[in-house]
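This report concerns only the one structure given below.
The values are calculated or read from the model by the stated rules, or taken from the named source; none is laboratory data. Because the structure is a prediction, the values reported are computed rather than measured. Ideal geometry is used to build each Cβ from the backbone, glycine not excepted, and the neighbour counts take in all protein chains shown. Please note that ligands, DNA and RNA were not included when accessible areas were found on the heavy atoms of the full protein model with its side chains. Shrake-Rupley method; radii C 1.70, N 1.55, O 1.52, S 1.80 Å.
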Amino acid sequence: MAAPPLQLPIIQNWSCHNCGGCCRQHLIEITEEERRRILKQNWTAADGIPADQSPIVWFAGPPWKRRYRLAHRPDGACVFLNEQGLCRIHAKFGEQAKPLPCQLYPYVFHPAGRKVAVSLRFSCPSVVANRGKAVDQQRDSLRVLESQVVPEHADLIDPPLISPRTRVDWADFHKFGHALDEIIARPDVPLVAALLQALVLVRTIDQAKFDAIRGSRLTDFLEIVSGAPIEAEALQPLPASRAGQLQFRMLAAHYARRDTFEEAARGWRGRVRLLKAALTFARGTGNAMPLQPAFREVAFAALEEPFGGLSPEAESILIRYFRVKIQGLHFCGPAYYRVPFVEGFYSLALVFPVVLWLARWLAASDSRKTLTTDDVAQALAIADHHHGYSPVLGSRSSRRRVRLLAHAADLERLIVWYAR
């Protein structure tokens with residue numbers, strides 16, 4: 001049987017530039033088979049592995065959650081990362097000898113009916129910067145990776161729910177995603193207005209019943225709703241409700257964390273520190289406690305002041321981010337905690353104010369009151385490290401926060417407020 005075609009983000013480029021960031025910020029889980037294979041490679045001090053360092057570290061954890069992970073050095077780097085930012089396994093035995101998660105990053109593959117959708121993780125700085133070879137010119141190598149992660153008969157997997165009560169077939173499901181992508185891609189509409197327009201569409205989808213609206217009728221419906229103009233009043237900056245501000249700060253605090261081996265090694269001290277930080281974010285007064293070295297202690301109130309808006313370059317990065325996530329189905333279903341299309345887009349839209357809030361924190365940490373493109377790029381990489389991958393963001397409490405922000409219309413207010 002022929003492999004399904006790949007649905008690639010043609011607006012995205014990527015090649016590895018050996019920054020070593022993924023080898024420092026990710027804890028790589030490996031299978032028993034991968035563990036045995038690496039042990040058989042007989043790593044020694046001559047290969048750059050310290051004599052007292054085992055290539056594999058065992059995180060026992062509870063009996064139902066035990067797993068192997070690649071070891072990390074005290075400075076947080078994977079033990080296989082060399083001084084040139086290259087993987088020792090890759091250099092000595094070739095790319096296929098690396099654990100599968102290391103081969104895949106930053107690509108992700110999602111079944112999409114008769115196609116396989118490809119997306120990328122923007123936690124990689126080269127993805128954010130759009131550096132390297134065009135993704136649509138990497139079909140052969142992507143096909144090799146796809147064959148290792150996408151199960152046979154993936155075309156039989158049902159599409160994600162549209163809402164908790166609504167499911168459509170794949171042909172109609174793709175129409176919903178295409179409608180969102182078209183809204184974000186409009187060249188004459190600023191991103192803030194495009195996101196508000198997309199939210200109008202998603203709210204309408206959430207309330208509609210599609211039992212009799214299928215095929216060409218669905219296409220017409222989506223075109224009509226997508227074309228609804230945004231009222232000027234919606235673009236006026238208003239602060240979120242007090243409850244909304246609290247929910248947003250708690251979500252933003254999690255995005256601001258740094259979940260690395262170095263942080264995990266802090267043990268109970270690290271957990272106490274996170275608890276203290278959570279209390280300061282819950283209050284929202286005084287200073288924000290830094291949750292990773294990129295941030296310094298700054299006043300919460302300072303992050304609510306205008307920061308001059310987005311540069312055209314920064315807006316272009318964020319537009320590309322949303323389009324890649326939408327085209328790659330990287331915001332709902334199996335790709336995002338198995339949530340429905342509507343809820344998944346609410347979470348994706350929330351990334352916009354989260355990124356701008358983090359970018360403000362980066363600027364304020366440098367005693368600046370305006371944002372640079374680098375602030376936004378770095379904030380996006382920090383946020384997307386967690387988005388869809390942190391168990392906390394898929395928990396009931398976090399999902400409840402997203403729903404509260406969306407249903408109270410605080411989501412739109414947050415988007416406009418932090419874009420100013």
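Apply the a/c threshold of 1.5 to the C-alpha gyration tensor of the range 113-238 and tell me whether it is rounded, prolate or oblate. The shape class here is oblate.
Between ASN13 and residues 5 or more places away or on another chain, which pairs have amide H atoms under 5 Å apart, with H built 1.01 Å from N, and which residues are they? Amide H neighbours of ASN13, under 5 Å, 5+ apart: VAL135. Per-residue Karplus couplings for the range 341-355, computed as 6.51 cos²θ - 1.76 cosθ + 1.60 with θ equal to phi - 60°, are listed in order as 3, 4, 4, x, 6, 4, 5, 5, 4, 5, 4, 4, x, 4, 4 Hz, Gly and Pro entered as x. Counting pairs of Cα atoms in the range 278-420, how many percent are more than 28 Å apart? Looking at the range 278-420, the distances longer than 28 Å represent 16 percent of pairs. Residues whose amide H comes within less than 5 Å of that of ASN287, counting only those at least five positions distant or on another chain, are PHE300 (H built at 1.01 Å from N in the peptide plane). Using R0 = 56 Å, the C-beta based FRET efficiency linking GLU233 and GLU29 works out to 0.70. Histogrammed with a bin width of 5 Å, the alpha carbon distances of the range 124-193 distribute as 3, 11, 12, 12, 20, 22, 13, 6, 1 percent, first bin at zero. Each Lys and Arg Cβ is given +1 and each Asp and Glu Cβ -1; about its Cα centre, the chain then shows a dipole of about 1340 debye. Rounded to whole numbers, the Karplus 3J(HN,Hα) couplings from phi for the range 278-293 are 4, 5, 5, 5, 5, 6, x, 10, x, 10, 7, 7, x, 10, 6, x Hz, using 6.51 cos²θ - 1.76 cosθ + 1.60 with θ = phi - 60°, and x at Gly and Pro.
With the simple spin-label model, which puts each label point 7 Å out from Cα in the Cβ direction, the HIS407 to ASP220 separation comes to 3.3 nm.
Which of the residue pairs LYS98/LYS133; LYS92/LYS133; LYS98/LYS175; LYS40/LYS115 have a Cα-Cα distance greater than 32 Å in the structure shown?
Details: LYS98/LYS133 22 Å; LYS92/LYS133 24 Å; LYS98/LYS175 38 Å; LYS40/LYS115 38 Å.
Beyond 32 Å between Cα atoms: LYS98/LYS175; LYS40/LYS115.
Length available on full extension from LYS40 to ALA129: 0.36 nm per residue minus the Cα-Cα distance, which gives 28.3 nm.
Quick check: at a probe of 1.4 Å, how many percent of the accessible area of the range 289-329 sits on carbon and sulfur atoms? Carbon with sulfur: 55 percent of the solvent-accessible area.
Beta-bridge orientation, the chain: approximately 90 percent antiparallel, per DSSP, counting only bridges with both partners inside. Under a 5 Å amide H cut-off, with hydrogens placed 1.01 Å from N, ARG167 pairs with ILE162 among residues at least 5 apart or on other chains. Computed from backbone phi with θ = phi - 60° and the Karplus coefficients 6.51, -1.76 and 1.60, the 3J(HN,Hα) list for the range 369-378 is 10, 10, 8, 9, 4, 5, 4, 5, 4, 5 Hz; x is used for glycine and proline. Among PHE281, PHE331, PHE221, the largest mean-square fluctuation in a Gaussian network model of the chain, built with springs joining Cα atoms closer than 10 Å, belongs to PHE221. Within the shell of other residues whose beta carbon sits under 15 angstrom from the beta carbon of GLU33, the net charge comes to +4, with Lys and Arg scored +1 and Asp and Glu -1.
Among the cysteines of the chain, CYS16, CYS19, CYS22, CYS87, CYS102, CYS124, CYS332 have no other cysteine beta carbon within less than 4.7 Å of their own. Using alpha carbons only, the radius of gyration of the range 161-231 set against its Kirkwood radius gives Rg/Rh = 0.96.
So, counting K/R as plus one and D/E as minus one, what does the shell of residues with Cβ under 9 Å around VAL351 add up to? With Lys, Arg at +1 and Asp, Glu at -1, the neighbours total 0. Here the contact order of the chain, divided by its residue count and restricted to Cα pairs under 8 Å and six or more residues apart, works out to 20 percent. By accessible area, using a 1.4 Å probe on protein heavy atoms only, the range 1-40 has 56% of its surface on carbon and sulfur. Given their separation in residues at 0.36 nm each and the Cα-Cα distance between them, ALA3 and ARG283 gain 95.5 nm when the chain is fully extended. When the P(r) is computed for the range 1-51, the part past 16 Å accounts for 72% of the Cα-Cα pairs.
Summarising the overall dimensions of the chain from its C-alpha atoms, the Rg and Dmax are 22.0, 69 angstrom. Ligands, DNA and RNA are left out, and with a 1.4 angstrom probe the accessible area of the chain is 48 Å² per residue. Across the range 239-380, the relative contact order, built from alpha-carbon pairs under 8 Å that are at least six residues apart, equals 23 percent.
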